[in-house]
Structures are given as structure tokens and as C-alpha cells.
């Protein structure tokens with residue numbers, strides 16, 4: 001039987017992180033160089049926030065009114081982002097990511113960053129499930145929220 005896909009099985013554990021005191025320009029360059037669209041902001045392994053391309057584009061857009069601002073990652077990050085646990089199922093993750101504008105969720109265990117689970121990770125899990133459609137031992141009635149079911153039925 002195919003088990004319900006869990007975050008811990010599909011999350012990315014080698015995560016690019018940023019320091020809150022890093023210069024925002026340096027952070028943008030680091031994200032571009034490493035080809036990541038967002039990164040957790042941590043200090044001693046503890047998640048403080050998230051910085052995304054969208055946050056950085058706001059810096060650029062504000063330059064239309066003045067010069068490009070400076071500052072640190074802490075000034076531009078989203079503090080206390082929504083997180084998910086390692087034992088959560090990917091149906092929950094899919095529901096969250098379908099209702100939010102962001103592309104990834106930090107995975108936290110006892111306050112420490114363990115990894116990141118993204119939209120791509122959910123798709124990778126779905127591809128694995130499609131390989132074994134006859135063996136699943138879960139049903140949508142247990143794992144899909146009412147909101148997600150309503151969203152899926154609209155399509």
C-alpha cells in the first residue's frame with residue numbers, strides 16, 4: 001500500500017539560508033547566484049523570517065519614488081512566517097500553498113529549521129503517487145479540507 005506522502009519524505013533539507021544582518025543587496029546577489037527564489041532567515045538554526053523574490057521586487061519598485069534603499073535582510077523579510085511540521089501530509093501543504101501567494105513553507109521542528117517544502121516538492125510527490133495508483137491506502141475524505149475540495153470542484 002502507498003502511504004500518505006509526508007513532508008519529511010519530500011522536503012528539501014539542503015536549504016540556502018540568510019542571516020538577518022546581511023546587507024539586502026548582498027542577499028539578493030546570493031539568491032540570484034544560487035538560483036533560489038526565496039530563503040529562510042535564520043540565526044543559530046532558529047527561523048526568524050523568510051525573504052522572497054517578491055519582497056526584493058518591492059525594493060526595486062520603491063526606487064521609482066526615490067533611490068534604491070539599503071538596509072539588512074531583517075528590514076525586508078517577512079517575520080514569523082507560516083511553517084509546517086515534518087510529519088504533516090503533503091495534502092495539507094498543497095492546500096496551504098494553493099491558498100497563499102508564496103511558493104514554499106519552512107519546515108520546523110521544535111523551533112529549528114529542518115528544511116523547506118515547496119510547490120515543486122508537492123508535484124514530485126504526486127508523480128510518485130501516480131506510479132502506484134492502485135496501492136494507495138488513503139482517501140480524500142480524510143486528507144482534503146472542505147475548502148480544498150470546494151476549490152477542486154470549481155475547476
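Please determine whether any residue of the stretch 72-91 is within 13 Å of the chain's Cα centre (by Cα), in a helix (DSSP H, G or I) and closer than 24 Å to residue 129 by Cα. Within the stretch 72-91, one or more residues are within 13 Å of the chain's Cα centre (by Cα), in a helix (DSSP H, G or I) and closer than 24 Å to residue 129 by Cα. Apart from one condition, residue 21 fits all of (1) in a loop (DSSP other than H, G, I, E, B); (2) within 12 Å of the chain's Cα centre (by Cα); (3) at pLDDT 95 or above; the exception is (2).
Evaluated against (1) out of contact with any strand residue (DSSP E or B) (no Cβ under 6 Å at 6 or more places or on another chain); (2) in contact (Cβ under 8 Å) with a residue 12 or more places away in the chain; (3) within 29 Å of residue 130 (Cβ to Cβ), residue 35 falls short on exactly one condition, (2).
Taking the options 112, 87, name whichever one is more than 18 Å from residue 50 (Cα to Cα), in contact (Cβ under 8 Å) with a residue 60 or more places away in the chain and surrounded by fewer than 18 Cβ atoms within 10 Å (Cβ to Cβ). Of the residues listed, the single one that is more than 18 Å from residue 50 (Cα to Cα), in contact (Cβ under 8 Å) with a residue 60 or more places away in the chain and surrounded by fewer than 18 Cβ atoms within 10 Å (Cβ to Cβ) is 87. The criterion of being modelled with pLDDT of 95 or more, surrounded by 15 or more Cβ atoms within 10 Å (Cβ to Cβ) and closer than 27 Å to residue 6 by Cα does not hold for residue 73.
In the stretch 4-21, which residues are under 15 Å from residue 45 (Cα atoms) and either out of contact with any strand residue (DSSP E or B) (no Cβ under 6 Å at 6 or more places or on another chain) or free of Cβ contacts under 8 Å to residues at least 60 places away in the same chain (or both)? 14, 16, 18, 19, 20, 21, listed by residue number.
The values are calculated or read from the model by the stated rules, or taken from the named source; none is laboratory data. Here the structure is a predicted model, which is why all the values come from computation and not from measurement. Heads up, the Cβs are rebuilt from the backbone with ideal geometry, glycines too, and the neighbour counts pull from every protein chain shown.
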